[in-house]
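Student: Structure provided below as structure tokens; questions to follow.
Throughout, read-outs are computed from the coordinates displayed, never taken from laboratory work. Computed from a predicted model, the values in this text were never measured in an experiment. Cβ atoms come from the backbone with ideal geometry, glycine included; neighbour counts cover every protein chain shown.
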Amino acid sequence: MDDASEREFAEYFRARRDAVRRTAYLLCGDWHRADDHAQAAFVALHRHWRRIRDRGALDAWVRRTLVRAVVDESRRPWRRERATAEPPVESGGVPSASEAVTTRHVLVDGLRAVPPRQRAVLVLRYLDGLDVAATAEALGCSEGTVKSQTAHGLATLRAVLGDALEDLRPAG
Amino acid sequence: MKGVGDMTDDEKLGALFRAAASDTAPPPGFDHESVVRASRRITVRRRAAVTVGGLALFAVVGVGGAVVLPDGREEGGASTVAAPMLAPEGPPADARRDERQAPPPAAAEGAPGAAQAPYAARGSGEADAAAPAPLGPGTTECADRQDPALRAIVEEYLPEVVGAPEAAITMECRPPGERGVNLEVTDGAARGVLTVQYLPPGADRVGGAAEGAVSRPTASGGTVVVSSRGDGPGAAAPFADRLDALAAQLSPRL
């Protein structure tokens, strides 16, 4: 890449790294893997930078790459994910809603029990704030699919977390 | 500013997700330099593979063919004659700089030129006996999940994927011996990711393969797993009707 392109990429990287890491974290539930996925997405972006003419579509491109990588990984034989009936809880069981920080861990743990595609829909919609149309575009599926995956994902999350989800409250 | 009580369900969920994602974030494990470095490393590796492939093709067509054609009955003639010429004594300078780069022996064995040797031989009549040695396990410390040698063989049997961009993969260090290729492919209206994975002999496969995956034992005693998935749920998987044939064609080459 020429210097101007490198500067553009560097600027984009600085602006978006943390957001991409956060998305990756909720997608996979582990910061180390999240960093791997986020880094791979940025490496892919750097390699394709000159071919992405629509700079307004960079976020969508990275999201799509990221989600695909995480979902693909979840399907690989050595890291196949299986939805569980209960969230993987820390010793001591599900914490109370008043324990704000721990409660957020409950949400992350609960997300692990949601199938990867549904989880991706939830993360894109509620973390990245995408509407149905943008989520559908990012995932390469129909808006109807996004709606149904959202409903199923939330139902799964509620089934796993029970009252804990209703009691969850954002930090003040 | 809205209080929690004034939020809609979507807003509450959004606030929860954002809080969950930001609360415990450790310092990032990568920076701009490491990204650029990894990108350039991949580019160098791809160029090296192309260069080796070009040299291999030249050697096979220019020299190997001349040796093989006069006596097509000589088993393994193409590989035994050409291989030493293709494989340098040591790794190229680029490969020495980075242990994750494609190993020269593998690149030589599976380079595009070497992979085309059987075609050249078939054109002469009966030289299927001169099929190259199977590619076999990878030799890098961490498995190469965008293995140029494996890709060259895949492209031989599925030329539609020549030039296809690499699909995103993680930086995870997979056990040595494995090889992989993950490509963003298009098959008519179907778009998605084609994955070819080679597992060395004795490698444990935890759980089942991806939906629709086809696996075959390979000539080196390993297993090749070919799968494809479409973009999005319910989307048609590209080359779904050719996975079985592809696995069968790759089987004797790996």
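Student: Can you pull the one-decimal nm distance between simple spin-label points at A:Arg7 and B:Asp244, each 7 Å off the Cα toward Cβ?
Tutor: 5.7 nm
Student: Which shape class, rounded, prolate or oblate, goes with region B:149-193 when its Cα gyration tensor gives a ≥ b ≥ c as root eigenvalues, a/c under 1.5 marks rounded, and past that a/b bigger than b/c marks prolate?
Tutor: Details: a/c = 3.13, a/b = 1.52, b/c = 2.06.
Here region B:149-193 falls in the oblate category.
Student: Around B:Gln249, with a cut-off of 11 angstrom between Cβ atoms, what is the net charge of the other residues, counting Lys and Arg +1 and Asp and Glu -1?
Tutor: Details: positive: B:Arg216, B:Arg242, B:Arg253; negative: B:Glu156, B:Asp244.
Local net charge: +1.
Student: Put a dot 7 Å past each Cα toward the Cβ at B:Glu160 and A:Arg55; how far apart are the dots in nm?
Tutor: Output for this residue pair reads 3.6 nm.
Student: Separate question: Say R0 is 25 Å: what FRET efficiency, to the nearest 0.05, do B:Ala236 and A:Lys147 get from their beta-carbon distance?
Tutor: 0.75
Student: What spacing in nm lies between the two simple spin-label points modelled at B:Ala189 and A:Ala15, each 7 Å away from Cα in the Cβ direction?
Tutor: 3.6 nm
Student: While we're on this one: Arrange the following residues from fewest to most other Cβ atoms within 10 Å of their Cβ: B:Ile42, B:Ile153, A:Ile52.
Tutor: A:Ile52, B:Ile42, B:Ile153
Student: Further question: Of A:Asp36, A:Asp2, how do they rank once you tally other Cβ atoms within 10 Å and put the fewest first? Spell out each step's value before the answer.
Tutor: Working: A:Asp36 23, A:Asp2 8.
Fewest to most other Cβ atoms nearby, the residues stand as A:Asp2, A:Asp36.
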